[in-house]
Amino acid sequence: MSLPSDIAAELKKILGPEGFLDSEEDLRSFAYDLFATHRPDAVALPATVEEASAVMRLCNQRHIPVYPRGSGTSLAGSPVPVLGGLVLCSSRMNKVLEVSVTDRLARVQAGCVTGNLQKAAAEKGLMYPPNPTSCLYSTIGGNVATNAGGASGAKYGVTRDYLLGLTAVLPGGEIVHMGNRCQKDVTGFDLPRLLCGSEGLLAFIAEVTVKLIPMPESIRTALAYFSDVTEAGSVVADIVSHRILPCTLELMDGVFLRTVAEVYGVPCPEGAGAALLIEVDGPDMVLEGQMKTIEAICEQHKAVGMESATTEEERDTLWKARRGGTAALVRKADRLVTLDYAVPVSLLPRALKIMEKLAEEHKCNVVTIAHAADGNLHPMVLYSPGKPEEDAAYEAFCDASTRAILELGGTISGEHGIGLEKKAYMPMQLGDEQMRIMRGICRLFDPYGIMNPGKLER
Amino acid sequence: MKGPTCEYCGRCLSVCPSYKHHLVETFGPRARIDLARAVAAGELEPGLRYHDAIKSCLQCLACTEICGKGVDGAQIILDARLAEGDGRLTLKRRLEKFVTCTLLPRRELMRNMIRVCSFFQHVFPLDTRGSIRHLPDALCGAAGRRSMPDLAKKSLFDLLPERVMPPDNVTQVGEVALFTGCFGGLVNVEASLRLVNALSLRGYTVFILRAQSCCGAPAQLSGFKEAFEKAQAHNAEVFASCPDMPVLTLCATCHRTLSREYGAAGRELAGRIVDAAVFLQRHDERRGFIGALPENLPAAALLRLRERPVTAADPLVVAVHDPCHFRLDPHVGRAVRRELAARPWIRVVELKDPGTCCGGGGVSSLKNPDIADELGEARARAVVESGADIVTAQCPGCVLQLNNHLKRLKADARACHTLELLGK
């Protein structure tokens with residue numbers, strides 16, 4: 001399929017030859033994310049909000065599907081153009097427009113890579129805390145559209161917690177400035193935060209204003225090993241009950257640790273079946289006491305080994321296990337799919353146990369890591385696609401684990417989003433009434449259903 | 001297609017200079033890998049856009065280095081270029097083919113041409129600021145603001161015999177062969193001379209085989225398979241006459257090509273390739289050889305800058321630029337820093353964003369002049385910010401690029417080959 005020639009000509013006129021792509025090579029290149037692939041009919045790369053607005057107006061008039069896209073790093077198929085149509089990519093709108101120390105905010109274009117925003121803030125002694133693993137290559141527009149989180153979510157929250165305002169282009173082409181530069185604002189509904197996590201179903205996000213916080217003075221890191229994941233899970237609950245909120249609390253299971261030991265030669269203590277990477281940040285004088293409490297808790301839970309770091313170099317060594325482990329696993333498998341669930345922190349040990357049981361039941365190779373302080377777990381399934389029995393085992397594990405998380409009172413996605421991956425499960429979690437309200441909101445923003453169609457059933 | 005399969009995570013987009021310039025996925029590693037795979041599998045008919053995407057890669061290896069899955073993006077793209085072959089033979093492509101496949105492999109012809117060019121170059125007065133002269137500046141204007149190097153009047157092969165023995169008062173410790181590369185052998189022989197001097201003083205007999213030819217990188221990077229394979233076979237045969245001894249290189253691109261790209265025909269040679277600076281560092285660490293403070297102040301003598309004398313109390317500030325083609329050999333950068341830092345008259349400083357491409361290596365500045373210009377300027381600014389007197393690199397392409405941009409910025413700092421300092 002390709003766009004009707006008059007629409008293609010009109011888009012070319014709006015965007016110029018660099019902003020409108022329809023060669024086979026370009027269409028292929030904007031077809032995928034980590035989860036799915038589908039070829040669009042054309043690609044638009046607006047350089048300004050006005051260009052994006054003109055494109056949206058035209059598509060709305062002619063009922064052409066529009067798929068907003070940042071860097072295409074979603075793990076759930078959210079930006080994939082399943083019905084063809086136009087990919088509207090923000091990559092050319094990539095500037096940091098302003099970092100204000102006094103107003104403690106930054107204004108950036110949607111295509112700005114989140115890491116660049118963090119760097120610009122850091123240059124002025126400020127911090128933009130949401131820190132998804134992909135922050136060096138995902139865009140802030142995509143982070144807002146999926147309400148991205150990351151390893152420091154428990155202490156610092158997620159993208160939505162930092163959103164002050166945004167400029168959205170509605171399907172009719174209207175440019176709407178939602179929210180403002182105020183740190184407090186209770187006037188009307190909170191529309192910026194409604195758009196946050198809407199996965200491109202409501203509008204194209206063109207510009208974002210985010211809150212910044214002062215950079216913490218210091219950071220302390222410890223890596224503690226335990227006999228199994230349940231024990232490690234209990235440590236997490238205990239640390240949080242002591243009113244300590246670590247900025248990192250990464251849980252790794254035994255398979256993960258053994259892979260690290262095997263691939264990188266990082267020694268792992270005898271009898272270790274799980275590990276916790278713990279970080280606390282803040283004023284130096286407070287951290288000393290916090291680390292002592294954490295060490296005592298780990299000892300109470302019979303830690304089989306513990307290392308700590310105060311310098312950046314030592315910290316890097318401790319992080320090697322966590323960072324290197326994922327890379328090592330990725331290399332071991334033909335395919336590694338990272339699933340995403342979240343449960344209340346108190347239920348994390350049970351959720352981890354269930355994942356182990358289900359993996360065994362379905363004969364699936366599953367390794368689990370977790371951003372433990374916010375109960376966000378990532379079972380990683382390693383398998384060889386194309387082998388019928390492995391494909392079936394993978395499908396069965398995904399289905400069973402999603403249903404088990406729902407039964408436990410958890411959520412089917414903590415940070416990756418719904419997209420295509422979990423579309424069938426969303427009604428199970430939200431129920432008819434919430435789905436009806438969501439569909440109604442979609443219709444209000446997008447009466448012709450041109451925004452990211454094929455995802456939410458409307 | 002061999003090797004692990006790309007999972008489309010997009011991590012490579014964070015390091016690709018070409019993607020950062022174009023901001024279009026098609027010009028990023030993830031798409032190039034996907035397109036190359038599709039063409040190889042017969043799923044995609046390669047068009048002009050495919051050609052542009054494949055050509056826009058700088059071969060900086062950053063995507064290969066960062067990939068968690070171990071996908072060698074740079075190699076896949078290089079293979080795609082070779083598979084594409086001559087492509088559409090436009091006038092530019094014909095010229096490219098003539099230079100890389102006909103001219104470069106003919107050493108004698110190249111030597112004579114450079115000698116003639118050097119004569120005309122020296123007719124014009126010297127630029128007071130350093131290594132770039134007026135004629136090259138005029139030429140580089142015509143060639144799209146790319147600088148031309150200061151051409152040597154005599155090639156290394158005219159200056160030195162095929163076998164250079166250590167001085168009589170030095171105990172002989174071993175034999176090495178030198179792979180000069182086109183640049184180090186014909187164009188600017190300063191670094192090669194200093195290397196031969198340093199090796200002789202340490203007791204090595206140095207073989208400088210006249211029959212050696214271009215390593216084949218320009219042909220390979222431009223997709224001319226036949227010429228590349230010819231270069232490989234030729235050099236393998238030539239260096240077979242100096243068996244069982246290390247073959248030292250002065251250029252990161254030559255090093256990468258000889259050690260990683262040579263196939264069955266050149267495997268024996270590939271196993272003997274060592275970067276010359278790393279060789280010196282290993283020798284000095286094992287046997288101890290640290291140059292005293294030289295009488296000839298290196299900064300003043302080499303680069304005609306820094307008026308005040310170089311002393312241990314006020315040392316020469318040297319920044320190290322890591323050439324992209326050593327990206328997969330991180331021990332090279334570490335060895336060079338150790339070797340430089342061991343000299344009391346040198347203080348090593350780091351450039352910000354280590355490992356960033358300067359746009360000058362391989363044939364990237366010829367294929368993608370706009371990106372190369374952007375990268376060169378950014379890297380030169382990093383040198384200025386670092387406060388270094390000199391930035392060194394083991395790649396003549398990087399040195400040329402950095403000098404060109406430092407000069408444009410009217411900076412006091414200059415770039416030189418690492419061996420010009422280590423050979424002191």
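The values are calculated or read from the model by the stated rules, or taken from the named source; none is laboratory data. Being a predicted model, the structure only gives us computed values, none of them experimental. Virtual Cβ from ideal backbone geometry, glycine too; neighbours counted across all protein chains shown. Side chains are part of the model used for accessible areas, which takes the heavy atoms of the whole protein and leaves out ligands, DNA and RNA. Shrake-Rupley method; radii C 1.70, N 1.55, O 1.52, S 1.80 Å.
Overview of values
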quantity: Test: residue in segment A:34-43 that is basic (Lys, Arg), within 14 Å of chain B (Cβ to nearest Cβ) and farther than 11 Å from A:LEU15 by Cα; calculated: yes
quantity: Filter pass, A:ALA47 being farther than 30 Å from B:GLU43 by Cβ, within 13 Å of chain B (Cβ to nearest Cβ) and either assigned to a loop (DSSP other than H, G, I, E, B) or out of contact with any Phe, Trp or Tyr (no Cβ under 9 Å at 6 or more places or on another chain) (or both); calculated: yes
quantity: Any pair with Cβ under 8 angstrom, 6 or more apart, that starts in segment B:233-262 at a residue that is crowded, with 24+ Cβ neighbours inside 10 Å and ends at one that is of a type in the set (Gly, Ala, Ser) and assigned to a loop (DSSP other than H, G, I, E, B); calculated: B:ASN235/B:SER213; B:ASN235/B:GLY216; B:ALA252/B:GLY361; B:THR253/B:GLY361; B:THR253/B:GLY362; B:THR257/B:GLY216
quantity: Wholly enclosed helices (runs of 4 or more DSSP H) of segment B:312-414 bearing at least 2 residues closer than 18 Å to B:LEU221 by Cβ and open to solvent by less than 10 Å² (accessible area, probe 1.4 Å); calculated: B:369-386
quantity: Cβ pairs under 8 Å, 6+ apart, first in segment A:167-185 and more than 16 Å from A:GLY200 (Cβ to Cβ) and open to solvent by less than 70 Å² (accessible area, probe 1.4 Å), second modelled with pLDDT under 95 and outside any strand (DSSP E or B); calculated: A:GLY179/A:ASP185
quantity: Test result for A:VAL87, within 11 Å of another protein chain (Cβ to nearest Cβ) and in a strand (DSSP E or B); calculated: yes
quantity: Residues of segment A:8-33 satisfying the condition of being within 19 Å of A:LEU75 (Cα to Cα) and either facing chain B (nearest Cβ under 8 Å) or surrounded by fewer than 17 Cβ atoms within 10 Å (Cβ to Cβ) (or both); calculated: A:ARG28, A:SER29, A:PHE30, A:TYR32, A:ASP33
quantity: Condition check for A:LEU287: among the aliphatic types (A, V, I, L, M), touching an Asp or Glu at 6+ places or on another chain (Cβ under 8 Å) and assigned to a helix (DSSP H, G or I); calculated: yes
quantity: Count - residues of segment B:1-29 that are more than 7 Å from chain A (Cβ to nearest Cβ) and in contact with a helix residue (DSSP H, G or I) (Cβ under 6 Å, 6 or more places away or on another chain); calculated: 12
quantity: Within segment A:428-452, tally of residues that are of a type outside the set (A, V, I, L, M), outside any loop (DSSP other than H, G, I, E, B) and touching a residue at least 24 places away in the same chain (Cβ under 8 Å); calculated: 2
quantity: Members of segment A:349-368 found to be in contact with a helix residue (DSSP H, G or I) (Cβ under 6 Å, 6 or more places away or on another chain) and assigned to a strand (DSSP E or B), listed by number; calculated: A:VAL366, A:VAL367, A:THR368
quantity: Matching residues in segment A:369-404 - criterion: being under 20 Å from A:ALA151 (Cβ atoms) and either in a helix (DSSP H, G or I) or more than 19 Å from the chain's Cα centre (by Cα) (or both); calculated: A:ALA372, A:ALA373, A:ASP374
quantity: Criterion violated by A:LEU136 - all others in (1) of a type in the set (A, V, I, L, M); (2) surrounded by fewer than 24 Cβ atoms within 10 Å (Cβ to Cβ); (3) assigned to a helix (DSSP H, G or I) satisfied; calculated: (3)
quantity: Filter result for A:THR293 (of a type outside the set (Phe, Trp, Tyr), modelled with pLDDT of 90 or more and open to solvent by 30 Å² or more (accessible area, probe 1.4 Å)); calculated: yes
quantity: Residue check for A:LYS211: surrounded by fewer than 24 Cβ atoms within 10 Å (Cβ to Cβ) and within 22 Å of A:ASP281 (Cβ to Cβ); calculated: yes
quantity: Hits in segment B:46-70 - residues which are of a type outside the set (A, V, I, L, M) and within 24 Å of B:GLU96 (Cα to Cα); calculated: B:PRO46, B:GLY47, B:ARG49, B:TYR50, B:HIS51, B:ASP52, B:LYS55, B:SER56, B:CYS57, B:GLN59, B:CYS60
quantity: Test: residue in segment A:53-67 that is within 19 Å of A:ALA145 (Cα to Cα), surrounded by 21 or more Cβ atoms within 10 Å (Cβ to Cβ) and either modelled with pLDDT under 95 or within 13 Å of chain B (Cβ to nearest Cβ) (or both); calculated: no
quantity: Pairs with Cβ under 7 Å, 6+ apart, first in segment B:43-65 and at the interface with another protein chain (Cβ under 9 Å from one of its Cβ atoms) and without any contact (Cβ under 8 Å) to a residue 12 or more places away in the chain, second open to solvent by 20 Å² or more (accessible area, probe 1.4 Å) and assigned to a loop (DSSP other than H, G, I, E, B); calculated: B:GLY47/A:SER23
quantity: Residues being facing chain A (nearest Cβ under 7 Å) and open to solvent by 30 Å² or more (accessible area, probe 1.4 Å) - total across segment B:30-42; calculated: 0
quantity: Filter pass, B:GLY216 being open to solvent by less than 10 Å² (accessible area, probe 1.4 Å) and closer than 24 Å to B:GLY360 by Cα; calculated: yes
quantity: Residues of segment A:159-197 classified as out of contact with any Phe, Trp or Tyr (no Cβ under 8 Å at 6 or more places or on another chain) and part of a strand (DSSP E or B), total; calculated: 10
quantity: Test: residue in segment B:227-240 that is assigned to a helix (DSSP H, G or I), more than 21 Å from the chain's Cα centre (by Cα) and β-branched (Val, Ile, Thr); calculated: yes
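Here is a yes/no grid of residues against (1) over 30 Å from A:GLU421 (Cβ atoms); (2) open to solvent by 30 Å² or more (accessible area, probe 1.4 Å):
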position: A:MET285; (1), (2): yes, yes
position: A:GLN300; (1), (2): yes, yes
position: A:THR326; (1), (2): no, yes
position: A:LYS332; (1), (2): no, yes
position: A:TYR341; (1), (2): no, no
position: A:LEU348; (1), (2): no, no
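Quick grid of which residues meet (1) in contact with a strand residue (DSSP E or B) (Cβ under 6 Å, 6 or more places away or on another chain); (2) open to solvent by less than 40 Å² (accessible area, probe 1.4 Å); (3) of a type in the set (Gly, Ala, Ser):
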{"position": "A:GLY386", "(1), (2), (3)": "no, no, yes"}
{"position": "A:ALA393", "(1), (2), (3)": "no, yes, yes"}
{"position": "A:GLY410", "(1), (2), (3)": "yes, yes, yes"}
{"position": "A:GLY417", "(1), (2), (3)": "no, yes, yes"}
